[in-house]
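*Asks:* Below is one structure. I have some questions about it.
The values are calculated or read from the model by the stated rules, or taken from the named source; none is laboratory data. It should be emphasised that the depicted structure is a prediction, and the values quoted were computed from it without experimental measurement. Neighbour counts run over all protein chains shown; Cβ positions are idealised from the backbone, glycine included. These accessible areas exclude ligands, DNA and RNA; they are computed on the full protein's heavy atoms, side chains included. Shrake-Rupley method; radii C 1.70, N 1.55, O 1.52, S 1.80 Å.
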Amino acid sequence: TDFALSGRVAVMIMGEWKQMKDFTSWSGEEMAVFIGGGLHYQTGETGSISADDSIVVWTVDGSVEVDGLNLYVAYVGASTDLDSGTDVDPWGIVVQGGYNIPLSNGESVEPFVRWEHLDVDSPSSTDDEIDLLTIGANYYLNGHNAKFTIDGVFAFDSLGSSASALGLLADSSTGDDQFALRAQFQL
């Protein structure tokens, strides 16, 4: 890359900045509302095969937290102008929400749901759109210092490539729909 520039702006509509550091809201927490946006631009490396390639990536997102309820929404997009004359413009949306329920001894459980939609817009992709639904729960033993998470993610569409960080594998040419059950303990 000969030139690249990235930036992000986050605005606190109400609340405190410390509330923006996680995706949860604790019981009794005051309302917090944040919006943000980011932009990245880069051009290809001089003398390379892709010297005229340029890429623009952006996101617009927002979150609300109040008294145990949390909601997050993001739109992410990209625009690539490839030297080959092929343009690829993928975009995606994620919506996530949860509710933190206090239990005894400072512990809490937080059921959550997340929906993700990706429009791949790739000439080499066999399935241009992918939808994922995740349903799970966090069990907080000591806030974020000790928590257990379990969730299930369901891919409604055929996946052309692996998403190993999500526990999902590439489907065969005739494959469709897959489910992954995941669990982790964070200390």
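*Asks:* Give me the residue from segment 18-38 that is aliphatic (A, V, I, L, M) and at pLDDT 90 or above and, out of that set, farthest from Gly143 (Cα to Cα).
*Replies:* Filtering segment 18-38 for residues that are aliphatic (A, V, I, L, M) and at pLDDT 90 or above, the one farthest from Gly143 (Cα to Cα) comes out as Ile35.
*Asks:* Cβ-Cβ under 6 Å, sequence separation 6+ or interchain: first residue in segment 160-179 and over 18 Å from Trp115 (Cβ atoms), partner open to solvent by 70 Å² or more (accessible area, probe 1.4 Å) and modelled with pLDDT of 70 or more. Which pairs?
*Replies:* Ser162/Leu169
*Asks:* Which one of the conditions (1) buried (at least 17 other Cβ atoms within 10 Å of the Cβ); (2) at pLDDT 95 or above; (3) aliphatic (A, V, I, L, M); (4) over 23 Å from Val60 (Cα atoms) does Val94 fail to meet, given that it meets all the rest?
*Replies:* Unmet for Val94, out of (1) buried (at least 17 other Cβ atoms within 10 Å of the Cβ); (2) at pLDDT 95 or above; (3) aliphatic (A, V, I, L, M); (4) over 23 Å from Val60 (Cα atoms): (4).
*Asks:* Just the residues that are touching a Pro at 6+ places or on another chain (Cβ under 9 Å) and either in a strand (DSSP E or B) or among the basic types (Lys, Arg) (or both), please, taken from segment 81-108.
*Replies:* Result: Val88, Gly98, Tyr99, Ile101, Ser108.
*Asks:* I'm told Thr80 meets every condition in (1) surrounded by 14 or more Cβ atoms within 10 Å (Cβ to Cβ); (2) out of contact with any strand residue (DSSP E or B) (no Cβ under 9 Å at 6 or more places or on another chain) except one. Can you identify the failing condition by its number?
*Replies:* Going through the list (1) surrounded by 14 or more Cβ atoms within 10 Å (Cβ to Cβ); (2) out of contact with any strand residue (DSSP E or B) (no Cβ under 9 Å at 6 or more places or on another chain), Thr80 breaks only (2).
*Asks:* For residues that are over 17 Å from the mean Cα position of the chain (by Cα) and hydroxyl-bearing (Ser, Thr, Tyr), tally how many sit in segment 133-148.
*Replies:* Going through segment 133-148 one residue at a time, the tally reaches 2.
*Asks:* Among the residues of segment 118-145, write down those that are modelled with pLDDT of 95 or more and open to solvent by less than 30 Å² (accessible area, probe 1.4 Å).
*Replies:* Across segment 118-145, the qualifying residues are Thr134, Gly136, Ala137, Asn138, Tyr140.
*Asks:* While we're looking at this one, here's another question. For segment 160-187, enumerate the residues that are within 17 Å of the chain's Cα centre (by Cα), surrounded by 12 or more Cβ atoms within 10 Å (Cβ to Cβ) and either of a type in the set (Val, Ile, Thr) or at pLDDT below 75 (or both).
*Replies:* Ser162, Ala163, Leu166, Gly167
*Asks:* Assess whether Val64 counts as being surrounded by fewer than 17 Cβ atoms within 10 Å (Cβ to Cβ) and at pLDDT 95 or above.
*Replies:* no
*Asks:* Of all residues in segment 14-44, which are over 18 Å from the mean Cα position of the chain (by Cα), open to solvent by 50 Å² or more (accessible area, probe 1.4 Å) and closer than 26 Å to Ile101 by Cβ?
*Replies:* Once the filter is applied, which keeps residues that are over 18 Å from the mean Cα position of the chain (by Cα), open to solvent by 50 Å² or more (accessible area, probe 1.4 Å) and closer than 26 Å to Ile101 by Cβ, segment 14-44 yields Met14, Glu16, Trp17, Lys18, Trp26, Ser27, Gly28, Glu30, Met31.
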